[in-house]
Every structure is written in C-alpha cells, then in structure tokens.
Amino acid sequence: MRIIAGEHRGRRIDAPKGDTTRPTSDRARESAFNLIGPVDGASVLDLFAGSGAMGLEALSRGAASCLFVDSSRAACRTIDANLERLGLHGTVLCQDAVSALRRDRRVFDLVLCDPPYDASGPGRLAPLLETHLAEDGLLVYESPSREAPPSVAGLTMRTSRTYGAARLTLFER
C-alpha cells in the first residue's frame, strides 16, 4: 500500500500481518478523497483504523490532526510505525470503537469508519457517529459493495459508490 497524494505521495505504508485487517485499496482511498474534497486543517477520526491508511492519507493531504482507533494491538503498533516512518503526528487509541466514542466527546470534521464487513451495519455506532461529527462535517462509511448503503440517524446520505468489494457512503448533516 502507498499514500496516494499530498506531502507523502508515493510513500509505502504497512498493514498488520494476517487476514484480520482488510485495508482500503489504493483505488478506493483515492476515490474517497476525490469525493471528500480538500481536508486542509481538518480534525479526523479514523475508526476501525487497521493500517491507518485512510487517516494517514488525510494527514498527508493537510489534515491538522487524526485520532486512530482500533481494538487490535497489532493494528495499533502498525499505525504507530507508519506514523513514525512518515514523520506524521497522530493519536492512536487501542480500544473498542464504541468504548472510545463513549469516553471521548470531541467532534471531528471528518469521520472515517471502516468496521469489519461481518458487523451489522452502523447499528450501535450510529448515534455515537452522529454526535462526534462537526456541524459541517462529513462521515465516510465503508461497507461491503454487495449490501445496500447503510443509513445513519441524524445524517443525510450525500452519495454512495462501489469500488470492487467496498462501498463508500458519504453522510453529512
């Protein structure tokens, strides 16, 4: 995997070993950020971060900060290593996404959410996602392409597109 654009364009990043993490493909990441638009100065939350590819991409493109959340210790170590390799600054929380959202009351300009595909959609995350999104913020939710776009209470779907096995759905207030 590599960073697609920004200050660190073309730099390689690692993914955790094994098959428990499903990194967002380079093509899907590029398409997502084409849909998102500029992220200069944005505060970003990367939930179920895995390798941290989405949050790292945002930082490379000028985001001011990124909070990476993943429950896997291997994933958290990989994100830390990727941050160090790229010389980027971010915060990594190694805990369950729901627990992290319940404890942390910050709001973010951009929320990137890529839960395991076997999860039951936004479910119990939905009310928490909505409360952590800034008034003019954007939520990018990744789900399997074979499923219908999810819905998130309190947010309006801007668009939903498929890229291979992934569906990216963008929500706003």
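The values are calculated or read from the model by the stated rules, or taken from the named source; none is laboratory data. Note that the structure is predicted; figures quoted are calculated from it, not measured. Here the Cβ positions follow ideal geometry from the backbone for every residue, glycine too, while neighbour counts run over all protein chains shown.
Below are the figures for this structure:
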read-out: Of all residues in the range 22-34 being surrounded by 16 or more Cβ atoms within 10 Å (Cβ to Cβ) and in a helix (DSSP H, G or I), the one that is modelled with the highest pLDDT; value: F33
read-out: Leading residue by the ranking (surrounded by the most Cβ atoms within 10 Å (Cβ to Cβ)) among those in the range 48-63 that are of a type in the set (A, V, I, L, M, F, W, C) and within 14 Å of E84 (Cβ to Cβ); value: L56
read-out: Among (1) small (G, A, S); (2) more than 16 Å from L129 (Cβ to Cβ); (3) at pLDDT 95 or above - the single one G50 does not satisfy; value: (3)
read-out: Residue within the range 8-20 that is touching a helix residue (DSSP H, G or I) at 6+ places or on another chain (Cβ under 6 Å) and among the aliphatic types (A, V, I, L, M) present; value: yes
read-out: Failed condition for S60, given (1) in contact with a His (Cβ under 7 Å, 6 or more places away or on another chain); (2) more than 25 Å from G137 (Cα to Cα); (3) not hydrophobic (A, V, I, L, M, F, W, C); value: (2)
read-out: Selection from the range 18-34 of residues that are closer than 17 Å to S143 by Cβ and under 14 Å from the mean Cα position of the chain (by Cα); value: T21, R22, P23, T24, S25, A28, R29, S31, A32
read-out: Which listed residue, of L86, L168, L155, is of a type outside the set (G, A, S), under 16 Å from the mean Cα position of the chain (by Cα) and surrounded by 14 or more Cβ atoms within 10 Å (Cβ to Cβ); value: L168
read-out: So P122, is it in contact with a Leu (Cβ under 9 Å, 6 or more places away or on another chain), closer than 23 Å to G37 by Cα, surrounded by 12 or more Cβ atoms within 10 Å (Cβ to Cβ) and at pLDDT below 90; value: no
read-out: Residues being more than 19 Å from M1 (Cα to Cα) and touching a Ser or Thr at 6+ places or on another chain (Cβ under 6 Å) - total across the range 66-80; value: 1
read-out: Residue in the range 40-54 that is of a type in the set (D, E), touching a residue at least 60 places away in the same chain (Cβ under 8 Å) and not in a loop (DSSP other than H, G, I, E, B) present; value: yes
read-out: Boolean, A15 is over 19 Å from S143 (Cβ atoms) and modelled with pLDDT under 95; value: yes
